[in-house]
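Input: a single structure, listed below in structure tokens.
The values are calculated or read from the model by the stated rules, or taken from the named source; none is laboratory data. Bear in mind the structure is a predicted one, so any value in this text is a computation, not a measurement. All Cβ positions, even for glycine, are placed from backbone atoms using ideal geometry, and neighbour counts span all protein chains on display. For accessibility, only protein heavy atoms count, side chains too; no ligands or nucleic acids. Shrake-Rupley method; radii C 1.70, N 1.55, O 1.52, S 1.80 Å.
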Amino acid sequence: MEIVVCVKQVPDTTEVKIDPVKNTLIREGVPSIVNPFDKIAVEVALQLREKHGGKVKVISMGPPQAADALKECLAMGADEAILVSDRAFGGADTLATAYALSTSIEKMGPVDLIICGKQAIDGDTAQVGPGIAENLGMPQITYAAKIEINGDMIKVDREHDDGYEIMEAKLPVMVTVVKSIAEPRFPTVKGTMKANRTQIPVWTAADIAADEKRIGMPGSPTQVRRIFTPTQRSQGQLIQEETAQQSVAKLMQLLGDAKVI
Amino acid sequence: MSFELTEDQKMMQKIARDFAEKEVAHGAEERDEHESFSRPLYDAMAGLGLTGICFPEQYGGADGDVLSYILAIEEISKADAGLGIALSATVSLCAWPIFAYGTEEQKQKYLKPLAEGEKMGAFGLTEPNAGTDASGQQTVAVLNGDHYVMNGSKIFITNAGEAETYIVFAMTDKSRGVRGISAFILEKGMPGFTFGKKEHKMGIRSSQTMELIFQDVKVPLNQMLGKEGEGFKIAMTTLDGGRIGVAAQSLGIATAALDFAIKYSKERVQFGKPISANQAISFMLADMATKVEASRLLTYQAAALKDAHKPYSKEAAMAKLFASDSAMEVATDAVQVLGGYGYSREYPCERYMRDAKICQIYEGTNQAQRMVIGGAVLR
Amino acid sequence: MAVIVNQEKCIGCGACVPSCPFGAIEMRDDKAYITEACTMCGACISVCPVEAIFREEIERTVAMDKTEYKGVWVFIEQTHGEIKGVAHELLGEGRKLADELGEELAGILIGNGVEAQAKEVFASGADKVYLVEGPEYDHYNTEAYTVAFVDLIQKYKPTAILVGATNDGRDLGPRIAARVRTGLCADCTNLSIDAETKLVLWTRPAFGGNIMADILCPEHRPQMGTVRPKVFKKPVPDFSRTGELIKVASKVKEADLKVKLLEILAVCTSNCKLEEADIIVSGGRGLGKPENFSAVEALAEAMGAAVGASRAAVDAGWKPALHQVGQTGKTVGPKIYIACGISGAIQHLAGMSSSDTIIAINKDADAPIFKVADYGIVGDVMEVLPILTAEFAKYRAACK
């Protein structure tokens, strides 16, 4: 089974802080990581390979440093990695990114399953996976919490409002995965040494014969007009009485006064 | 002179750091509290390959260098110094002497499973009456046809009981003094080889320490490590390497204590400002940070010398001496920065302080390190 | 459009480097250099002391007759005839956008036997309802819904489409946008009409909720966005309103669908229907141990509330992911939100700060949760919870 996993290198947004005085983002010291949901996607792919054989290929679009993210996936056990990188891809929104990635995946050869994380933690758009599936004319099943492969059929438990939808489709399919599906393995020492010695091929816009109108800024319908820090809710009232009993009594009184209850 | 880690070294550091942060740190307090060693946790760590970093591939290793392995000990010890020493005892004190002195057969049989993380190792040298003076060995091994018969005991043995493979030193010829000491590879479960009481310790309580007892243990000839009478040399060279491990463990403890003290000092508000705004605190932190950095340089230097196959005995002793003294000082100061909270078990600083103390004692007390260093500089 | 550094003017001061929210500026040879990570947000422009950074318009090659596109559409997400709250919320907000543009508001109703629901859509403000029906739409299906929706877009050409940012909405939106090759702004929390360009100004959190971005889709139509549930209030239904119902034939055959739904497993009891809940009681790692979550559940029970959890608590395995509130979990906006032992990481705040009243209980008076809370009790959460539970039980009994 040929599995392609799409990964993104992201700043660890859980480490980002806001400067309380200037109200700006403090980016310093924020590490670049493999998007956590994509790491889960890699884990799922590795587990499927262990069960059904085949190959796991990881692909990422990003600046040259994104090769580090791919190395981490190789260290976890992925067979091959490809970095799609070119200044011409710069400024891509989700539509242009999905185009560049789907064109690259076509170049990689036949694929049975594409796995993406449900969303990236920096943009949180959850759009690139479905965009790739659309460009490749592949069905999609998003928010997968369980995947089973039987021959050329895939069965997925899809996370839904109050439970799961059990979906079935014939491969090839694009799935996006949620956190509960698997716990990503740690890369091993040997895998890391091997990954470190692997030259990751870099594909440019010319390599994938991309339509220049559909990549980078020209291929991106959306434009960021302005960035600003969200306005905070105003701070409310802190209650710190002598005992918990008194604190609760005070809260109930305040809630009553404000007609919340 | 380059102070940059290589790509490989950085990645080893990251593997160990990620594992330590995600898997080791959260249970450290509980393992300390209950004096419990976690074999599953050790196995998970070994499963990543941390036990095989610095051994060749044919013996189940990753063909990495000693510095990469030292970085792993540092990272693991930041989260749990007990697990750090369990790793160090297996790799530096058990696997390494087999790698350096063992026969090909011994390497395949004993080194490989240790490097691959399937087995744990331990090192038995210390006896009730032979501590710093290792020449006073009372454990004896007497040749009897195709085997030796071993009798005696060892105390304060890290990983004892859990380990499957033991390097044990015994007197094979009392008349020859230290030249009469030989090294043997013992397996857990050999008839007559049992364990005594579990030691209750001040620190590194998540590591297991026990007594080894030998009663007429039949040790086949092919389980002698090195030649007869080579034991003392094997023990001393093994401890040279082990000291880099203890230095790295100390470094991990000191770094954890420093990081915690810095974070706390920025958050703790007294007199309307964070306590870090007081020079009294910031100067303490400055001294702590400087000690940690100096320890790091000494430790990495000793590892780099070993990697370059240059003499490192003196440098390893210096690294162990300085890093462990620093760890004790830094951890004590971290407790001081936290004040009453530092003394409370709710915060980890008192654990760092208890863990640091042993680093000044084991694998040669810091007084013994000074003997080594003094001997070297006066040569 | 591109953000460019005039290398001659640049004095290499580096002031722009920390100003970039995306870390897309580096110093190379003592000059600022903008990397591929640039999103053209322009945050650096005003920071440059020598005005060396500027925006350059690049010509876009897409030629499209935008004037043909008129009207604001809302996707009416429904399950077996029950319209999701977010669809009503979007009709309310879409009404405002349509009025400002002087155009019509339409609801897109796709389903099986859902014609009767059109009146609810009119009641919430729609002028028109486009109805596509058939057994193939009985349950949400990416392919079927995409085909139906794209067919409508090509026939009736709306200028803007709003879709709820639910799991299905976020499955459908990007598929449609990729098929008609237009821009889709994900997970918006505010919508307006840009006065100058008359474009929809989509506002969304980015960077894990640390910053907000205003986004436009100038040259492509329709302009699309998914919008988070509960950030807008439902309009008060006016059943006297009527509108035009336009029935459109289905182009999909059930047999052609590649993904089949085998069954639905409902594992969720009422206490994890967070999006629709009026009261939510959430627990975090500050509870100390998983067993202590029962105290949160007890309070929820006493208040008739749903139970939420922070990412940390979910990651620790204390609660299943269905309960997670936050950037990567559910976005909620109940009348009352009670955060118990939740420190208030920005990712959590992004998922609940539109709640009407926030009550927080935490032992650390400096916890960020108190910055958004209307009422905060500083104290041991395990001590406070049982007392609060008893109080609310008393209060509810008194109300009956």
Any pair with Cβ under 8 angstrom, 6 or more apart, that starts in region A:190-214 at a residue that is under 16 Å from B:K10 (Cβ atoms) and ends at one that is open to solvent by 60 Å² or more (accessible area, probe 1.4 Å)
A:M193/B:D63; A:N196/B:E7
Out of C:I11, C:I83, report the one residue that is more than 12 Å from chain A (Cβ to nearest Cβ), touching a residue at least 24 places away in the same chain (Cβ under 8 Å) and under 28 Å from the mean Cα position of the chain (by Cα).
C:I83
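Having 3 or more residues that are within 30 Å of A:S104 (Cα to Cα) and away from chain B (no Cβ under 14 Å) is the bar; report the strands (runs of 3 or more DSSP E) wholly within region A:168-261 that clear it. Working first, answer last.
Details: elements: A:173-177, A:223-228, A:237-239.
Per the criteria, A:173-177, A:223-228.
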For region C:92-106, state whether one or more residues are crowded, with 23+ Cβ neighbours inside 10 Å and out of contact with any Leu (no Cβ under 8 Å at 6 or more places or on another chain).
yes
Give me the pairs, please: first residue somewhere in region B:284-298 and under 15 Å from B:I244 (Cα atoms), second residue anywhere and among the charged types (D, E, K, R), beta-carbon distance under 8 Å, and either six or more positions apart or on two chains.
B:L298/B:E315
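Condition (residue is open to solvent by less than 10 Å² (accessible area, probe 1.4 Å) and over 24 Å from C:T331 (Cα atoms)) applied to region C:236-247: is it met by at least one residue? Explain how you work it out, then say what you get.
Narrowing region C:236-247 to residues open to solvent by less than 10 Å² (accessible area, probe 1.4 Å): none.
No, region C:236-247 contains no residue that is open to solvent by less than 10 Å² (accessible area, probe 1.4 Å) and over 24 Å from C:T331 (Cα atoms).
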Evaluate region A:197-218: report whether one residue or more is open to solvent by 60 Å² or more (accessible area, probe 1.4 Å), more than 23 Å from A:M61 (Cα to Cα) and out of contact with any Cys (no Cβ under 7 Å at 6 or more places or on another chain).
no
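Would you mention how many residues in region A:96-110 are at the interface with chain C (Cβ under 7 Å from one of its Cβ atoms) and in a loop (DSSP other than H, G, I, E, B)?
Filtering region A:96-110 down to residues at the interface with chain C (Cβ under 7 Å from one of its Cβ atoms) leaves A:98.
Pick out the ones that are also in a loop (DSSP other than H, G, I, E, B) and you get none.
Residues flagged as at the interface with chain C (Cβ under 7 Å from one of its Cβ atoms) and in a loop (DSSP other than H, G, I, E, B) within region A:96-110 amount to 0.
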Conditions: (1) under 16 Å from the mean Cα position of the chain (by Cα); (2) more than 7 Å from chain C (Cβ to nearest Cβ); (3) of a type in the set (D, E). A:D93 meets all but one. Number of the miss?
(2)
I need every pair where a residue in region C:302-326 that is touching a residue at least 40 places away in the same chain (Cβ under 8 Å) and open to solvent by less than 10 Å² (accessible area, probe 1.4 Å) has its Cβ under 9 Å from the Cβ of a residue that is hydroxyl-bearing (S, T, Y) and not in a loop (DSSP other than H, G, I, E, B), sequence separation at least 6 or different chains.
C:G308/C:S282; C:G308/C:Y337; C:V325/C:S282; C:V325/C:Y337
Among the residues of region A:111-128, are any facing chain C (nearest Cβ under 8 Å) and more than 23 Å from A:P184 (Cα to Cα)?
no
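Residue-by-condition table, conditions (1) open to solvent by less than 20 Å² (accessible area, probe 1.4 Å); (2) farther than 24 Å from C:K273 by Cα; (3) more than 7 Å from chain A (Cβ to nearest Cβ):
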| position | (1), (2), (3) |
| --- | --- |
| C:Y337 | yes, no, yes |
| C:I342 | yes, no, yes |
| C:A350 | no, no, yes |
| C:S354 | no, no, yes |
| C:I358 | yes, no, yes |
| C:P368 | no, yes, yes |
| C:K394 | no, yes, yes |
Given (1) closer than 26 Å to A:K213 by Cα; (2) within 7 Å of chain A (Cβ to nearest Cβ), C:T226 misses just (2)
Within the set of pairs 6+ apart or on separate chains, which have a first residue in region B:242-257 that is under 11 Å from B:I85 (Cβ atoms), a second that is assigned to a helix (DSSP H, G or I) and of a type in the set (V, I, T), and C-beta atoms under 6 Å apart?
B:G245/B:I73; B:A248/B:I70; B:A248/B:I73; B:A248/B:T299; B:Q249/B:I73; B:Q249/B:I85
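From the list B:Q301, B:Q369, which residue is surrounded by 23 or more Cβ atoms within 10 Å (Cβ to Cβ), over 16 Å from B:A81 (Cβ atoms), in contact (Cβ under 8 Å) with a residue 12 or more places away in the chain and not aliphatic (A, V, I, L, M)? Lay out the reasoning, then the answer.
Working: B:Q301 fails: surrounded by 23 or more Cβ atoms within 10 Å (Cβ to Cβ).
Only one candidate passes the filter, namely B:Q369.
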Which numbered condition in (1) open to solvent by 10 Å² or more (accessible area, probe 1.4 Å); (2) among the hydrophobic types (A, V, I, L, M, F, W, C); (3) facing another protein chain (nearest Cβ under 7 Å) is the only one that C:C185 fails?
(1)
If you scan region C:132-170, which residues turn out to be within 12 Å of chain A (Cβ to nearest Cβ), touching a Phe, Trp or Tyr at 6+ places or on another chain (Cβ under 8 Å) and surrounded by fewer than 24 Cβ atoms within 10 Å (Cβ to Cβ)?
C:N167
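Of everything in region B:196-208 that's closer than 15 Å to B:Y42 by Cα and touching a strand residue (DSSP E or B) at 6+ places or on another chain (Cβ under 8 Å), which residue is most open to solvent (accessible area, probe 1.4 Å)? Spell out how you get there, then give the answer.
Step one: list which residues in region B:196-208 are closer than 15 Å to B:Y42 by Cα, which gives B:204-208.
Going one step further and asking which of them are touching a strand residue (DSSP E or B) at 6+ places or on another chain (Cβ under 8 Å), we end up with B:207-208.
Values: B:S207: 4, B:Q208: 29 Å².
Among them, the one singled out is B:Q208.
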Of everything in region C:137-157 that's under 21 Å from the mean Cα position of the chain (by Cα) and not aromatic (F, W, Y), which residue is nearest to C:K247 (Cα to Cα)?
C:T146
Just one of the numbered conditions (1) within 21 Å of A:P31 (Cα to Cα); (2) touching a residue at least 12 places away in the same chain (Cβ under 8 Å); (3) in contact with a Ser or Thr (Cβ under 6 Å, 6 or more places away or on another chain) is not true of B:M11; which one?
(2)
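Looking only at residues that are assigned to a loop (DSSP other than H, G, I, E, B) and either more than 8 Å from chain A (Cβ to nearest Cβ) or at pLDDT 95 or above (or both) in region C:195-215, which one is surrounded by the most Cβ atoms within 10 Å (Cβ to Cβ)? Break it down stepwise before answering.
First pass over region C:195-215, keeping only residues assigned to a loop (DSSP other than H, G, I, E, B): C:195-199, C:207-210.
Within this subset, residues satisfying the condition of being either more than 8 Å from chain A (Cβ to nearest Cβ) or at pLDDT 95 or above (or both) are C:195-199.
Details: C:A195: 9, C:E196: 7, C:T197: 11, C:K198: 11, C:L199: 22.
My answer is C:L199.
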Could you please find all residues in region A:129-149 being buried (at least 24 other Cβ atoms within 10 Å of the Cβ), more than 7 Å from chain C (Cβ to nearest Cβ) and not aliphatic (A, V, I, L, M)?
A:G129
For region A:28-82, the count of residues that are more than 13 Å from chain C (Cβ to nearest Cβ) and part of a loop (DSSP other than H, G, I, E, B) equals 5
Single condition A:D162 does not satisfy, out of (1) at the interface with another protein chain (Cβ under 9 Å from one of its Cβ atoms); (2) out of contact with any Cys (no Cβ under 9 Å at 6 or more places or on another chain); (3) surrounded by fewer than 23 Cβ atoms within 10 Å (Cβ to Cβ):
(2)
Residues located in region B:10-66, provided they are surrounded by fewer than 19 Cβ atoms within 10 Å (Cβ to Cβ), of a type in the set (A, V, I, L, M, F, W, C) and more than 24 Å from B:Y110 (Cβ to Cβ)
B:A25
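Considering each residue of region B:135-184, count those that are assigned to a helix (DSSP H, G or I) and open to solvent by 50 Å² or more (accessible area, probe 1.4 Å), and give that number.
Kept after step one, since they are assigned to a helix (DSSP H, G or I), are these residues of region B:135-184: B:135-136, B:174-180.
Of the ones still in play, those that are also open to solvent by 50 Å² or more (accessible area, probe 1.4 Å) are B:174-176, B:178-179.
Qualifying residue count for the region: 5.
Of all residues in region A:150-159 being open to solvent by 10 Å² or more (accessible area, probe 1.4 Å), part of a strand (DSSP E or B) and more than 7 Å from chain C (Cβ to nearest Cβ), which is nearest to A:F37 (Cα to Cα)? Spell out how you get there, then give the answer.
Going residue by residue through region A:150-159, those that are open to solvent by 10 Å² or more (accessible area, probe 1.4 Å) are A:150-153, A:155, A:157, A:159.
Within this subset, residues satisfying the condition of being part of a strand (DSSP E or B) are A:150, A:153, A:155, A:157, A:159.
With more than 7 Å from chain C (Cβ to nearest Cβ) added as a condition, the list becomes A:150, A:153, A:155, A:157.
Numbers: A:N150: 24, A:M153: 24, A:K155: 20, A:D157: 17 Å.
My answer is A:D157.
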Take region C:368-400 and flag every residue that is at pLDDT 90 or above and among the charged types (D, E, K, R).
C:D374, C:D380, C:E383, C:E391
